[in-house]
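Novice: Structure incoming, see below.
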Amino acid sequence: MATRTQAKTTRTARKAPAASAAPVAAPTHPLPSYLDPNHLGPWGTYLAQVDRVAPYLGPLGKWVETLKRPKRSLIVDVALRRDDGTIAHFEGYRVQHNISRGPGKGGVRFHPDVTLSEVMALAAWMSIKNAAVNVPYGGAKGGIRVDPRTLSLGELERVTRRYTSEIGLIIGPSKDIPAPDVNTNEKVMAWMMDTYSVNVGATATGVVTGKPIDLGGSLGRREATGRGVFTVGAEAAQRIGLTIEGSRVAVQGFGNVGGVAGKLFAEAGAKVIAVQDHSGGVSNDRGLNVPKLLDHVAATGGVAGFRGGEPLTAEQFWSCKCDILIPAALEGQINAQNAGKIKARMVIEGANGPTTPEADDILQDKGVLVVPDVIANAGGVTVSYFEWVQDFSSFFWSEAEINQRLVRIMTEAFTAVWNTAQQHQVSLRTATFIVACRRILHARDMRGLYP
Ligand code: GLU
């Protein structure tokens, strides 16, 4: 099994260079309240991450304020005729955080807790992620503040179509390309593609990615995020002398991301010893039977009640004895309350924003290597890019070709991030931000300010 080698990158991560740092321009006007850096929650987390990268931007630092304000934020009223004839209203959002390097790109989530500030953070993380893997996109995100479990299938379709029409002003194959995220899937993407196409009077397959294969979707897209988590996780493990075979893995969230990542780790010889999701938790010290657990989740909607293991509380989950912890659910799950209990040697962020800045510091002080979301879960958008390219050229690739290209991009991107972390003695998160923000702000600088 694993030998313990200290991950050098994690020790001095908060040390910033003093002399070479370019001065960061102070905001010229007071920030509107929703941009307040003291705002708690995902947008506050994101701003704290930007502050950590600012000293490494050199002359590009003069543009850093660009990263702290979304380029464009749209709030829409999504009116729904319910099955019983009454009308309900939900708030919908589409935020384009940055479009310096290409069109906006990022998913759409349906969740009762979605807020503008959350969508802003998720859009910003897409800007960083897309630049980190060097796909020619900016960053965007959307969402509707709705619990899709309270909607019938017909209501879900009508909400999706109305939302798509409302954000139709700013999306398009070369403007901003939505994709699946929490609680959205291929079916939702098919409705979005159809609605946009009907409105513009032409079939526009490239307006969304993550579509069904028969509507211009890409082979390998559904598994891409989990495959990327595994690829980057294996690269990181190798660098800290952790052998995947025989290692103990814990996963939070067992859907499209955590489920696929868990399966790939198990296939590589790891033992998935604990899984937790919205329904509960389950553990098995000898390793859960992952294919059976995936079948159980598909049949019942969650891991609770799985007979191949013991029930597990949230408290037990976070403190379980594991080598690799994969948060693959929602934001803020690893926080000041539970970070100290984590026993893993490595955290691979399948979810967006699962670790708060305080928790980042706690993990770093414990010597736990955190492979951040903005590189770890970039596999999904990488294959979204392949899908978009295939749609434009109407020429479709084999699954083997897609997976091969995915692994190459992820491995190269991770290597660049790792080397940057070594060079500047910073965390992998700050290193990813250094690589990505330099690309974004270099594009910004070359384009110049209009007028
Ligand atoms: N929602 C995914 C993410 O957070 C994928 C976005 C996309 O494919 O555009 O990365």
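The values are calculated or read from the model by the stated rules, or taken from the named source; none is laboratory data. The model shown is predicted, which means the values in this text are computed figures rather than measured ones. Virtual Cβ from ideal backbone geometry, glycine too; neighbours counted across all protein chains shown. Surface accessibility is based on the protein's heavy atoms, side chains included, excluding ligands, DNA and RNA. Shrake-Rupley method; radii C 1.70, N 1.55, O 1.52, S 1.80 Å.
Novice: Just to be sure I understand the model, the point goes 7 Å from the Cα along the line to the Cβ. What's the resulting Ser152 to Asn335 distance in nm?
Specialist: About 3.7 nm, to one decimal.
Novice: How big is the accessible area of Thr203 in square angstrom, nearest 10, if you roll a 1.4 angstrom probe over the protein chains?
Specialist: 110
Novice: Given the DSSP H assignment, sum -39500 (n - 2.57) over each helix run of at least 4 residues in the chain and divide by its residue total; what's the result at 222 nm in deg cm²/dmol, nearest 500?
Specialist: Numbers: 14 runs with 183 residues, N = 451.
About -13000 deg cm²/dmol.
Novice: Using only alpha carbons, build the gyration tensor for the range 194-319 and give me the equivalent ellipsoid semi-axes, biggest first, whole Å.
Specialist: Numbers: eigenvalues 217, 74, 26 Å².
Output for the range 194-319: semi-axes of 33, 19, 11 Å.
Novice: Right, another one. Could you tell me whether the range 44-178 comes out rounded, prolate or oblate from its Cα gyration tensor? Rule is a ≥ b ≥ c as square roots of the eigenvalues, rounded for a/c under 1.5, then prolate if a/b exceeds b/c, otherwise oblate.
Specialist: Numbers: a/c = 2.97, a/b = 2.19, b/c = 1.35.
Prolate, since a/c reaches 1.5 and a/b exceeds b/c.
Novice: Assuming R0 = 35 Å, what is the FRET efficiency of Leu169 and Glu412, from their Cβ-Cβ distance, to the nearest 0.05? Please list the in-between numbers first.
Specialist: Working: r = 36 Å, r/R0 = 1.04.
According to the calculation, E is roughly 0.45.
Novice: A further question on this structure: Kindly provide the Kirkwood hydrodynamic radius of the range 108-232 in Å, to one decimal, from all pairs of distinct alpha carbon atoms.
Specialist: On the way: mean 1/r = 0.0662 Å⁻¹.
Here the Kirkwood hydrodynamic radius works out to 15.1 Å.
Novice: Once you have a ≥ b ≥ c as the square roots of the Cα gyration tensor eigenvalues for the range 322-362, tell me rounded if a/c is under 1.5, and otherwise prolate or oblate according to whether a/b is larger than b/c. Don't skip to the answer; put the middle values down first.
Specialist: Numbers: a/c = 1.86, a/b = 1.04, b/c = 1.79.
Oblate.
Novice: For His97, His278, His111, His442, what's the largest-to-smallest order of accessible area, 1.4 Å probe?
Specialist: Final ranking, largest accessible area leading: His278, His442, His111, His97.
Novice: Right, next: How much solvent-accessible surface does Ile99 expose, in Å² to the nearest 10, with a 1.4 Å probe and all protein chains in place?
Specialist: 50
Novice: So, one more: Given H placed on each backbone N at 1.01 Å, which residues far from Val303 in sequence or on other chains put an amide H within less than 5 Å of it?
Specialist: Asp277, Ser279, Gly280
Novice: Where does each of Thr243, Thr209 land when they are ordered by accessible area, with a 1.4 Å probe and the largest first? Intermediate values should be presented prior to the final figure.
Specialist: On the way: Thr243 70, Thr209 0 Å².
Heavy-atom accessible area, descending, gives Thr243, Thr209.
Novice: Could I ask something else about it? Using the Cα gyration tensor of the range 311-435, with a ≥ b ≥ c the square roots of its eigenvalues, what is the shape: rounded (a/c below 1.5), prolate (a/b larger than b/c) or oblate (neither)?
Specialist: Numbers: a/c = 2.61, a/b = 1.69, b/c = 1.54.
Taking the square roots of the gyration eigenvalues as a ≥ b ≥ c, the range 311-435 is prolate.
Novice: Indicate, rounded to the nearest 5 percent, the antiparallel portion of the DSSP beta bridges found entirely in the range 214-296.
Specialist: Working: 4 of 9 bridges.
Looking only at bridges with both residues in the range 214-296, the antiparallel portion is about 45 percent.
Novice: What is the set of long-range amide H partners of Arg109 at a cut-off below 5 Å, with H atoms built 1.01 Å from backbone N?
Specialist: Amide H to amide H, under 5 Å and 5 or more residues apart or across chains, Arg109 pairs with Gly142, Gly143, Ile144.
Novice: Select from the range 72-129 those trypsin sites (Lys or Arg not before Pro) which occupy a DSSP coil region and have at most 15 other Cβ atoms within 10 Å, ordered by residue number.
Specialist: Arg82
Novice: Sticking with this one: Return an integer: the convex hull volume of the alpha-carbon atoms of the range 361-451, in Å³ per residue.
Specialist: Values: hull volume 12.3 nm³, N = 91.
So the per-residue Cα hull volume is 135 Å³.
Novice: Here's another thing I want to ask about it. Using the Kirkwood radius built from alpha carbon pairs, what does the Stokes-Einstein equation give as D for the chain at 4 °C and 1.567 mPa s, in µm² per second?
Specialist: On the way: Rh = 22.1 Å.
D, rounded to a whole number, is 59 µm²/s.
Novice: Anything in the chain that counts as a DSSP H helix reaching 27 Å or more along its axis (C-alpha) with Kyte-Doolittle mean of at least 0.0? List them, would you?
Specialist: Details: long enough: 221-239 (28 Å, -0.67); 399-424 (37 Å, -0.39); 428-447 (29 Å, 0.14).
Helices passing the filter in the chain: 428-447.
Novice: At a 1.4 Å probe radius, carbon and sulfur cover how many percent of the accessible area of the chain?
Specialist: Details: 9720 of 18310 Å².
Within the chain, the accessible surface is 53 percent carbon and sulfur.
Novice: Please compute the modelled spin-label separation between Gln238 and Phe395, points set 7 Å along Cα→Cβ, answer in nm with one decimal.
Specialist: 3.1
Novice: Ok, one more. Per residue, what volume in Å³ does the Cα convex hull of the range 230-283 take up? Don't skip to the end; give the middle numbers.
Specialist: Numbers: hull volume 3.6 nm³, N = 54.
Cα-based convex hull of the range 230-283, divided per residue, equals 67 Å³.
Novice: Another question about this same structure. Could you work out how far the C-alpha centroid of the range 143-183 sits from that of the range 77-134, in angstrom?
Specialist: About 9 Å separates the Cα centre of the range 143-183 from the one of the range 77-134.
Novice: Given Lys292/Lys343; Lys175/Lys211; Lys129/Lys175; Lys71/Lys211; Lys71/Lys129, which pairs have Cα atoms separated by over 24 Å? Display every interim value, and only then the final one.
Specialist: Numbers: Lys292/Lys343 26 Å; Lys175/Lys211 18 Å; Lys129/Lys175 18 Å; Lys71/Lys211 27 Å; Lys71/Lys129 17 Å.
Violating the 24 Å Cα-Cα cut-off are Lys292/Lys343; Lys71/Lys211.
Novice: Same structure, new question: Fully extended, how many nm does the chain gain between Val198 and Ala268 (0.36 nm per residue separation, minus their Cα-Cα distance)? All intermediate terms of the calculation are to be shown ahead of the outcome.
Specialist: Values: separation 70, 0.36 × 70 = 25.20 nm, distance 4.51 nm.
Length gained, Val198 through Ala268: 20.7 nm.
Novice: Which trypsin sites (Lys or Arg not before Pro) in the range 228-291 pass both tests, a DSSP loop state and at most 13 other beta-carbon atoms within 10 Å? Each step should come with its number before you reach the end.
Specialist: Working: sites: Arg239, Arg248, Lys263, Lys271, Arg286; in loops: Arg286.
Hits after loop and neighbour filter: Arg286.
Novice: Only loop residues by DSSP count here, and only those with at most 10 other Cβ atoms within 10 Å; note down the chymotrypsin sites (Phe, Trp or Tyr not before Pro) in the range 297-401 that meet that. Don't jump to the answer; show the numbers that get you there.
Specialist: Values: sites: Phe306, Phe317, Trp318, Tyr385, Phe386, Trp388, Phe392, Phe395, Phe396, Trp397; in loops: Phe306, Phe395, Phe396, Trp397.
Those that pass, being in a loop and sparsely packed, are Phe395.
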